[in-house]
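Student: Could you have a look at this structure, given as structure tokens, before my questions?
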Amino acid sequence: MQDDLVDKLEIQVRYADIDSYGHVNNAVYLSYFELGRINFLKNHISSESIENLSIVVARAEIDYLSEIKLGDPLTCETWISSVGRSSLIFDSVLRKGGREAAKARITMVHVDGKGHSEPLPEFYRRLTTHVGSIT
């Protein structure tokens, strides 16, 4: 992935993120990846479009590669790997001191007011410049 197509966000591990084993609880990783997606969208679509977001998580896949502890330097790298008719796929990597600690693939689906999928609006389609073409 080209470096200019990847958003990077530094994340501070909070004490509340730590479980009884002294490392970040596995469920918290989803929150870290969410922060990365929000940061990506803020950097690539208008504020009016952000206010009208109608996308929901349809699938979340995470590979846990190494533990993260309080005080570890953490960066979330996020990019769009695929854009479909009604969905976006975000790929993300959590890096601890430059080394991969976790990887995620999150599928987001655009929905109407009743929760049914519908085609992506134009402002999402413009994000295809970050992945090359619609798949």
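The values are calculated or read from the model by the stated rules, or taken from the named source; none is laboratory data. Bear in mind that the values here come from a model prediction, so they are computed numbers and not experimental data. Here the Cβ is made from the backbone with ideal geometry for all residues, glycine too, and neighbour counts use every protein chain on show.
Student: Within the range 56-75, can one find any residue that is closer than 18 Å to E122 by Cβ and either of a type in the set (G, A, S) or within 12 Å of the chain's Cα centre (by Cα) (or both)?
Tutor: Within the range 56-75, not a single residue is closer than 18 Å to E122 by Cβ and either of a type in the set (G, A, S) or within 12 Å of the chain's Cα centre (by Cα) (or both).
Student: Moving on. Does E67 meet the test of being in contact with a His (Cβ under 6 Å, 6 or more places away or on another chain) and either at pLDDT 95 or above or farther than 23 Å from E118 by Cα (or both)?
Tutor: yes
Student: Follow-up. Answer with yes or no whether R105 is part of a strand (DSSP E or B) and either of a type in the set (K, R) or farther than 16 Å from V6 by Cβ (or both).
Tutor: Considered against the rule, which asks whether it is part of a strand (DSSP E or B) and either of a type in the set (K, R) or farther than 16 Å from V6 by Cβ (or both), R105 comes out as yes.
Student: Right, something else. Could you tell me which numbered condition F40 fails, if it satisfies all but one of (1) of a type outside the set (D, E); (2) part of a loop (DSSP other than H, G, I, E, B); (3) within 24 Å of R99 (Cβ to Cβ)?
Tutor: (2)
Student: Tally time: how many residues in the range 98-109 are in contact with a helix residue (DSSP H, G or I) (Cβ under 7 Å, 6 or more places away or on another chain) and without any contact (Cβ under 8 Å) to a residue 60 or more places away in the chain?
Tutor: Selection size over the range 98-109: 0.
Student: Search the range 27-63 for residues being in contact with a helix residue (DSSP H, G or I) (Cβ under 9 Å, 6 or more places away or on another chain) and at pLDDT 95 or above, and hand back the single one that is surrounded by the most Cβ atoms within 10 Å (Cβ to Cβ).
Tutor: Y32
Student: Go through the range 64-97 and count every residue that is part of a loop (DSSP other than H, G, I, E, B) and either touching a helix residue (DSSP H, G or I) at 6+ places or on another chain (Cβ under 9 Å) or crowded, with 19+ Cβ neighbours inside 10 Å (or both).
Tutor: 2
Student: Considering each residue of the range 16-37, count those that are under 17 Å from the mean Cα position of the chain (by Cα) and under 14 Å from A102 (Cβ atoms), and give that number.
Tutor: 11
Student: Of all residues in the range 1-18, which are at pLDDT 95 or above and in a loop (DSSP other than H, G, I, E, B)?
Tutor: Q12, V13, R14
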